[in-house]
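**Q** First the structure, which I've put down as structure tokens, then a few questions once you've had a look.
The values are calculated or read from the model by the stated rules, or taken from the named source; none is laboratory data. In this text, all values refer to a predicted model and were calculated from it rather than measured experimentally. No Cβ is skipped: glycine too gets one built from the backbone with ideal geometry, and neighbour counts run over all protein chains shown. In case anyone asks, the SASA skips ligands and DNA or RNA and just uses the protein heavy atoms, side chains included. Shrake-Rupley method; radii C 1.70, N 1.55, O 1.52, S 1.80 Å.
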Amino acid sequence: MPQIGLVSAVNLRVQGNSAYLWSSRSSLGTESQDVCLQRNLLCFGSSDSMGHKLRIRTPSATTRRLTKDFNPLKVVCIDYPRPELDNTVNYLEAALLSSSFRTSSRPTKPLEIVIAGAGLGGLSTAKYLADAGHKPILLEARDVLGGKVAAWKDDDGDWYETGLHIFFGAYPNMQNLFGELGIDDRLQWKEHSMIFAMPNKPGEFSRFDFPEALPAPLNGILAILKNNEMLTWPEKVKFAIGLLPAMLGGQSYVEAQDGLSVKDWMRKQGVPDRVTDEVFIAMSKALNFINPDELSMQCILIALNRFLQEKHGSKMAFLDGNPPERLCMPIVEHIESKGGQVRLNSRIKKIELNEDGSVKCFILNNGSTIKGDAFVFATPVDILKLLLPEDWKEIPYFQKLEKLVGVPVINVHIWFDRKLKNTSDNLLFSRSPLLSVYADMSVTCKEYYNPNQSMLELVFAPAEEWINRSDSEIIDATMKELAKLFPDEISADQSKAKILKYHVVKTPRSVYKTVPGCEPCRPLQRSPIEGFYLAGDYTKQKYLASMEGAVLSGKLCAQAIVQDYELLLGRSQKMLAEASVVSIVN
């Protein structure tokens with residue numbers, strides 16, 4: 001049965017004037033096909049993402065020719081319908097946790113909670129604390145929201161981002177967050193496929209297409225079995241046998257594999273090295289920006305469990321614009337509507353302690369102090385370690401953080417003077433020694449849409465040897481790799497497609513490097529310091545170091561604070577009383 005998708009952009013000429021039409025929201029899952037097609041007017045009768053003729057269906061006709069006043073419509077890209085996620089176990093579990101904040105007893109005296117870091121972990125913490133009736137004060141060191149999803153606008157009005165961010169169906173807490181904010185329509189869902197470049201066949205790609213009609217894990221198994229370009233049948237069989245313990249052992253088995261690298265685990269299970277080279281080098285770099293000989297196998301198994309056990313787990317969506325405005329600002333508006341505060345340009349210089357070792361206040365770079373009833377650090381782990389008070393460094397909880405180190409990553413944006421043809425309205429795995437994944441954002445993202453020129457956004461990884469090199473060196477290396485992906489359109493010397501401009505965004509310490517043995521070092525959100533909490537994707541939660549992990553960590557942090565309400569309130573009142581006595585004595 002053909003899959004129906006909504007047209008995201010078409011070139012439409014009416015009475016000589018050009019216009020671009022973007023669809024807003026898909027409702028194909030809840031309405032009949034004919035009703036939906038009439039309501040949205042422009043729809044597709046094919047699962048292929050580009051290049052098919054547009055059909056306008058009416059009750060009386062399957063297709064009809066456009067009137068003489070219209071030129072034929074040219075399809076630019078398609079929004080696929082939002083997958084049916086709301087009834088999955090993980091989605092309902094995430095929804096229950098979200099609702100617990102809204103339905104919890106209203107505090108007799110709302111707590112003021114000071115949160116450092118307005119990335120997704122800090123924003124999530126503040127959002128759910130506000131839902132529970134408390135007053136978060138969110139401090140961000142920079143002048144931009146988002147942390148690892150931050151983005152900036154250049155002098156031409158074009159956006160460039162910290163990373164290439166993909167929203168998976170297997171992100172239940174993130175999907176709930178979009179729904180709670182009423183911005184589900186800002187996710188542009190793509191065709192359910194994983195597309196890999198073929199280094200031995202420059203310019204060609206190999207696809208894993210997940211059939212819509214089959215449930216998980218059959219859709220994933222069939223996607224693998226139908227692909228004969230990357231793995232042979234004997235390799236597929238050996239890989240499947242190797243995976244059996246993970247399928248039968250469940251979560252406990254997955255966690256026990258943290259001590260092995262991907263390469264070591266594959267060899268232990270008798271999986272041929274070519275499986276690692278063909279598939280898991282690309283996956284490792286996409287998941288953690290490092291190669292399989294460094295990455296913990298636990299990371300891969302967590303992803304495989306989500307992708308293979310959930311029908312839409314590996315289905316991908318792009319945000320329809322820049323993350324600070326399209327995702328982070330709605331969270332800020334929600335926080336502020338409930339009495340919370342979000343302050344930019346508020347960099348923390350020091351964590352000031354009380355005599356008992358608890359937090360007295362945060363001291364900012366400008367010398368001002370921020371006090372509260374509780375304190376949260378939602379920065380990357382490397383920043384926390386830099387600001388950790390000396391009195392805390394011998395505590396085992398904080399000592400374990402030393403093994404968690406952010407991995408360097410580089411995000412590259414290149415604007416070309418023409419529209420590249422050898423691309424797709426989806427995420428692409430480059431399988432390059434220098435590049436991880438990439439996308440033509442002029443096609444995949446509404447806000448970045450351009451009918452005449454392409455903008456490639458690429459993740460340059462592993463980046464450890466490149467993080468200190470010049471932007472021009474990084475661009476030169478990127479162009480050499482792109483010449484292999486686009487042999488007919490791009491050459492390293494720019495004799496074909498020419499670069500109009502580029503931006504290189506370096507993150508010396510991004511998500512923590514998920515090497516073997518890291519899992520026991522990930523801290524719980526509630527620290528041993530009374531009134532001090534952590535949030536961030538490196539903290540303990542069942543997902544990867546990812547956007548989903550960051551959002552879930554914020555919810556777990558908020559949950560711990562809500563659970564500790566009476567303790568925190570009593571502690572705050574006691575300290576206030578002691579301060580009053582000291583004031584009277586003096």
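**Q** Name the single residue that is least open to solvent (accessible area, probe 1.4 Å) among those in the range 541-579 being of a type in the set (D, E) and modelled with pLDDT of 90 or more.
**A** E548
**Q** A further question on this structure: Out of A246, A240, which single residue is among the small types (G, A, S) and surrounded by 15 or more Cβ atoms within 10 Å (Cβ to Cβ)?
**A** A246
**Q** Still on this model: Strands (runs of 3 or more DSSP E) wholly in the range 162-246 with at least 2 residues that are not hydrophobic (A, V, I, L, M, F, W, C) - which ones?
**A** Counting at least 2 such residues, we get 205-209.
**Q** Which ones in the range 436-467 are part of a loop (DSSP other than H, G, I, E, B), touching a helix residue (DSSP H, G or I) at 6+ places or on another chain (Cβ under 6 Å) and among the aliphatic types (A, V, I, L, M)?
**A** A461
**Q** Then there's this: Residue check: is P462 under 21 Å from the mean Cα position of the chain (by Cα) and either at pLDDT 95 or above or open to solvent by 30 Å² or more (accessible area, probe 1.4 Å) (or both)?
**A** yes
**Q** Considering the range 160-171 alone, what residues qualify as being within 11 Å of N322 (Cα to Cα) and either open to solvent by 30 Å² or more (accessible area, probe 1.4 Å) or among the hydroxyl-bearing types (S, T, Y) (or both)?
**A** Matches in the range 160-171: Y160, T162, H165.
**Q** Shifting gears a bit: Confirm whether L301 is open to solvent by 30 Å² or more (accessible area, probe 1.4 Å), aliphatic (A, V, I, L, M) and under 18 Å from L244 (Cα atoms).
**A** no
**Q** A follow-up question, please. Hey, any hits in the range 468-478 for a residue that's in a helix (DSSP H, G or I), within 24 Å of F280 (Cα to Cα) and open to solvent by 20 Å² or more (accessible area, probe 1.4 Å)?
**A** No - not one qualifying residue is present in the range 468-478.
**Q** Checking the condition out of contact with any Leu (no Cβ under 7 Å at 6 or more places or on another chain) and either outside the structural domain of E294 (by the TED database) or more than 23 Å from A461 (Cβ to Cβ) (or both), which residue from L544, L567 passes?
**A** L567
**Q** Quick one: what pairs do we get from the range 384-396, first residue at negative phi and basic (K, R), second open to solvent by less than 80 Å² (accessible area, probe 1.4 Å) and in a helix (DSSP H, G or I), C-beta under 6 Å, 6+ apart or different chains?
**A** K385/L401
**Q** Which residue out of Y533, Y538 is touching a Phe, Trp or Tyr at 6+ places or on another chain (Cβ under 6 Å) and open to solvent by less than 10 Å² (accessible area, probe 1.4 Å)?
**A** On inspection, the qualifying residue turns out to be Y538.
**Q** Here's another thing I want to ask about it. Inside the range 193-220, can you point out the residues that are under 22 Å from R82 (Cβ atoms), open to solvent by 10 Å² or more (accessible area, probe 1.4 Å) and in contact with a Lys or Arg (Cβ under 6 Å, 6 or more places away or on another chain)?
**A** P215, A216
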